[in-house]
Amino acid sequence: MRFIFKTSYQQDIRLAKHGGHLFWYGLLVLGLLAAPGLLPEYWLAQLTFVLIYGIAGLGLMLLAGFTGQFSLGHAAFLGVGAYTQALLTTMGWPFLLSLSCAALLSAAVGIVVGLPALRVKGIYLAIATLAFGFIVEEIFARWESVTGGNKGIFLQPPQIMGYAFESSEAFYFLCLVIAIVCTLAILNLLRAPTGRAFVAIRDSEISAQSMGIHLAYYKTLSFALSAALAGIAGALYGHKLQFITPEQFDIVQSIDLLLMIVIGGLGSVHGAFLGAMFLIFMPQLISLSKDWLPDSIGQSPGLQTFVYGAVLIVFVMFEPLGIYGRWIKVRAWLQLFPFYRRGMFRRQKSFQKSERLR
Amino acid sequence: MQFVQLLISGVAQGCIYGLIALGFVLIYKATEIVSFAQGEFMMVGAFIGVAAMSWLGFPFWLAVIAAMLAMGLLGLLLERVVIRPVLGQPAFSIVMLTIGIGYLLRGLVTMIPGMGTETHTLDVPYKDATLQWGSLVVGAEQIAVILTTVLLCALLFAMFRYTRLGVAMQAASQNQLAAYYMGIPVQRINGMVWALAGMVAAIAGLLLAPITFVHANMGFIGLKAFPAAVVGGFGSLPGAIVGGLVIGSIESLSGFYLPEGFKDVAAYVVVLIMLMVRPNGLFGERLVKKV
């Protein structure tokens, strides 16, 4: 058991709370750097997808987990990023410039969505973003002169300073660097006043407002940042698949993203990546389990949907903090070993609070 | 004539949206939960109808009753097992839970061997019949949809107005705490509301079956019912039907008069405009929150 006595505010907001953090996260980064040498090609590709979805998850986590604004149309931002990247790189723009443009354009679209969304909240916001997602998907499918319609559009491998990231190792490193940069950016944002304002808005809009937080500004900012991250992830996603069609950015993708952060653990940066791992590796686990199941169940396309639904229900019912919440409990158990008590993390029973007033 | 023709098919489609939206609104009013599983409820109801007719050889009207009873039980069961333990958690967790229920039901239906992955037709007695007035041709399916919706609305109205259960549901949906103090078993009422929503969804599924087909992904039509509920005003029962009619008619008309592609998004454009102009919908009451 480690006790950290905090004696200053600086200490409270430090990124690495103690040496252990530096050690373990350093080890994680080393492991990720060594991954191309250790893993076969297929698993490396899966790991790249984990990083890409992790970046998108970070964005949605910022919006949903930290600002409390749920978006059911987040795949649209992913799509805006991917299509921008596809168009700019075919026009011969350098990778970093086009990636910034993809992020900026997604952020701009995010602001366009965020502004009207200021009027509505809760479930109405979810429905508004759902509507927005459908409209954007339809635009991708219909604006054939630009997006290629349902035929899709091809992407070239990214190029920086004349070096093309053609091999999957090179692209993996590119994604890794971008994912680390994004994670550090979000971590820093969260300990800055902006991030604290986001959390304040999530916990109570009224008290946040009374503390002098400009609701409209911060909500829009949250939408913009979240959309920008989704745009970056979309651009990388497009490069990884090298071919994008409108169906990849539909409502199912949006729900998958939400499912990912809820299962990973709402309101934690770890949760975004844990959720991404769940989303990518679950189908693999299911296909492994097919050998033990009878054919009529194992070969059915419904198995994956069923497992996703079941896992989601189990998590919301028994572990609302997701995989990361479970890890916190395991860690507490390890740290307190003989003294852990069952009721430690029991939620206080709260009865239904109504937003209605009649 | 063309316009009237379009309007009738729009109204028929809108009745389906309205019935699904009715399910949301029932659940939302009673428990303040937005159920994303309503479209899947409808799909399961339609599948039970198909199974009852093709496997058990039930006649049509018996299959309808069987589907309604089964969906009522499913609603009751889901409320008891899954929803009740999580009441009091943040609203969005519960929304995710209903999305999970939707996934679960869709997966389960797809996993039924030899049935889940296929497209089925429901042999209704009024199949392929048409009515004709001058140049106006109306399918019997559409008339069945409209008539059943009208009948169902009347029944629901009578239930909420004249039966003890209906009045108790109204009371519980207006103020749960006060209803509880008045001796209304609020939790059991909530279960009843879920059962009622399941029955309405089963009817919607069986009405939709002759128009489209029965398949595992037909539940996605439930996403079109959100615009209906919002346009009518979330939490207003007549609003749900009116919203459905508005969405259905706009969709049908825009499919004909506007360029291709507008039909699929018309509902969502309408809901975005509605949320910007009048977030409470046509019939929604304005809620003022005091601090």
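The values are calculated or read from the model by the stated rules, or taken from the named source; none is laboratory data. From a predicted model like this one, the values you see are computed outputs, not experimental measurements. No Cβ is skipped: glycine too gets one built from the backbone with ideal geometry, and neighbour counts run over all protein chains shown. We work out accessible area using only protein heavy atoms, side chains counted, and drop any ligands, DNA or RNA first. Shrake-Rupley method; radii C 1.70, N 1.55, O 1.52, S 1.80 Å.
Figures for the structure shown
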| read-out | value |
| --- | --- |
| Top-ranked residue in the range B:219-241 [being open to solvent by less than 10 Å² (accessible area, probe 1.4 Å) and aliphatic (A, V, I, L, M); ranked as nearest to the other protein chains (Cβ to nearest Cβ)] | B:Val230 |
| Conditions (1) surrounded by fewer than 23 Cβ atoms within 10 Å (Cβ to Cβ); (2) within 14 Å of another protein chain (Cβ to nearest Cβ): number failed by A:Ala128 | (1) |
| Filter pass, B:Val200 being in contact with a His (Cβ under 6 Å, 6 or more places away or on another chain), of a type in the set (Val, Ile, Thr) and open to solvent by less than 10 Å² (accessible area, probe 1.4 Å) | no |
| Test: A:Ser204 is polar (S, T, N, Q), within 25 Å of A:Gln46 (Cβ to Cβ) and out of contact with any Ser or Thr (no Cβ under 6 Å at 6 or more places or on another chain) | no |
| Given (1) surrounded by fewer than 22 Cβ atoms within 10 Å (Cβ to Cβ); (2) assigned to a helix (DSSP H, G or I); (3) within 12 Å of chain A (Cβ to nearest Cβ), index of the condition B:Val95 fails | (1) |
| B:Thr149 open to solvent by 20 Å² or more (accessible area, probe 1.4 Å) and either of a type outside the set (Phe, Trp, Tyr) or away from chain A (no Cβ under 14 Å) (or both) | no |
| Matching helices (runs of 4 or more DSSP H) fully within the range B:151-241 where at least 1 residues are over 15 Å from B:Ala21 (Cβ atoms) and in contact with a helix residue (DSSP H, G or I) (Cβ under 8 Å, 6 or more places away or on another chain) | B:164-174, B:176-181, B:186-208 |
| Selection count, the range A:92-107, where residues are open to solvent by 40 Å² or more (accessible area, probe 1.4 Å) and touching a residue at least 60 places away in the same chain (Cβ under 8 Å) | 4 |
| Residues being surrounded by 23 or more Cβ atoms within 10 Å (Cβ to Cβ), of a type in the set (S, T, N, Q) and more than 19 Å from B:Phe92 (Cβ to Cβ) - total across the range A:64-91 | 3 |
| Residue match in the range A:37-54 (condition: part of a loop (DSSP other than H, G, I, E, B) and of a type in the set (A, V, I, L, M, F, W, C)) | yes |
| Check on B:Val150, among the aliphatic types (A, V, I, L, M) and at pLDDT 85 or above | yes |
| Considering residues of the range B:257-277 that are outside any helix (DSSP H, G or I) and within 10 Å of chain A (Cβ to nearest Cβ) only, the residue surrounded by the most Cβ atoms within 10 Å (Cβ to Cβ) | B:Gly261 |
| Qualifying positions in the range B:55-88 - exposed (fewer than 15 other Cβ atoms within 10 Å of the Cβ), away from chain A (no Cβ under 14 Å) and more than 19 Å from the chain's Cα centre (by Cα) | B:Trp55, B:Leu56, B:Gly57, B:Pro59, B:Trp61, B:Leu62 |
| Qualifying residue in the range A:68-91 (condition: more than 30 Å from B:Phe24 (Cα to Cα), without any contact (Cβ under 8 Å) to a residue 12 or more places away in the chain and over 20 Å from the mean Cα position of the chain (by Cα)) | yes |
| Flag if A:Gly264 is open to solvent by less than 10 Å² (accessible area, probe 1.4 Å) and within 13 Å of chain B (Cβ to nearest Cβ) | yes |
| Condition met for B:Ile8 (open to solvent by 10 Å² or more (accessible area, probe 1.4 Å) and touching a strand residue (DSSP E or B) at 6+ places or on another chain (Cβ under 6 Å)) | yes |
| Extreme residue, nearest to B:Asp123 (Cα to Cα), among residues of the range B:28-64 that are in contact with a Phe, Trp or Tyr (Cβ under 8 Å, 6 or more places away or on another chain) and in a loop (DSSP other than H, G, I, E, B) | B:Ser35 |
| Residues located in the range A:267-324, provided they are among the β-branched types (Val, Ile, Thr), surrounded by fewer than 17 Cβ atoms within 10 Å (Cβ to Cβ) and at pLDDT 90 or above | A:Val314 |
| Filtered residues of the range B:113-125 (kept if assigned to a loop (DSSP other than H, G, I, E, B) and in contact (Cβ under 8 Å) with a residue 60 or more places away in the chain) | B:Met115, B:Gly116, B:Thr117, B:Glu118, B:Thr119, B:Thr121, B:Leu122, B:Asp123, B:Val124, B:Pro125 |
| Elements of type helices (runs of 4 or more DSSP H) in the range A:127-214, at least 3 residues being charged (D, E, K, R) and under 23 Å from the mean Cα position of the chain (by Cα) | A:193-203 |
| Residue under evaluation A:Lys6, criteria (1) under 28 Å from A:Phe281 (Cβ atoms); (2) touching a helix residue (DSSP H, G or I) at 6+ places or on another chain (Cβ under 8 Å), criterion not met | (1) |
| Which listed residue, of A:Ile139, A:Ile55, is in contact with a Ser or Thr (Cβ under 9 Å, 6 or more places away or on another chain) and open to solvent by 60 Å² or more (accessible area, probe 1.4 Å) | A:Ile139 |
| The listed residue being more than 9 Å from chain A (Cβ to nearest Cβ), open to solvent by 10 Å² or more (accessible area, probe 1.4 Å) and either touching a Phe, Trp or Tyr at 6+ places or on another chain (Cβ under 7 Å) or within 27 Å of A:Gly122 (Cβ to Cβ) (or both), out of B:Val246, B:Val193 | B:Val246 |
| Which numbered condition A:Ala233 fails, given (1) open to solvent by 10 Å² or more (accessible area, probe 1.4 Å); (2) more than 14 Å from chain B (Cβ to nearest Cβ); (3) out of contact with any Cys (no Cβ under 8 Å at 6 or more places or on another chain) | (1) |
| The one condition in (1) among the hydroxyl-bearing types (Ser, Thr, Tyr); (2) open to solvent by 20 Å² or more (accessible area, probe 1.4 Å); (3) away from every other protein chain (no Cβ under 14 Å) that A:Tyr172 fails to fulfil | (2) |
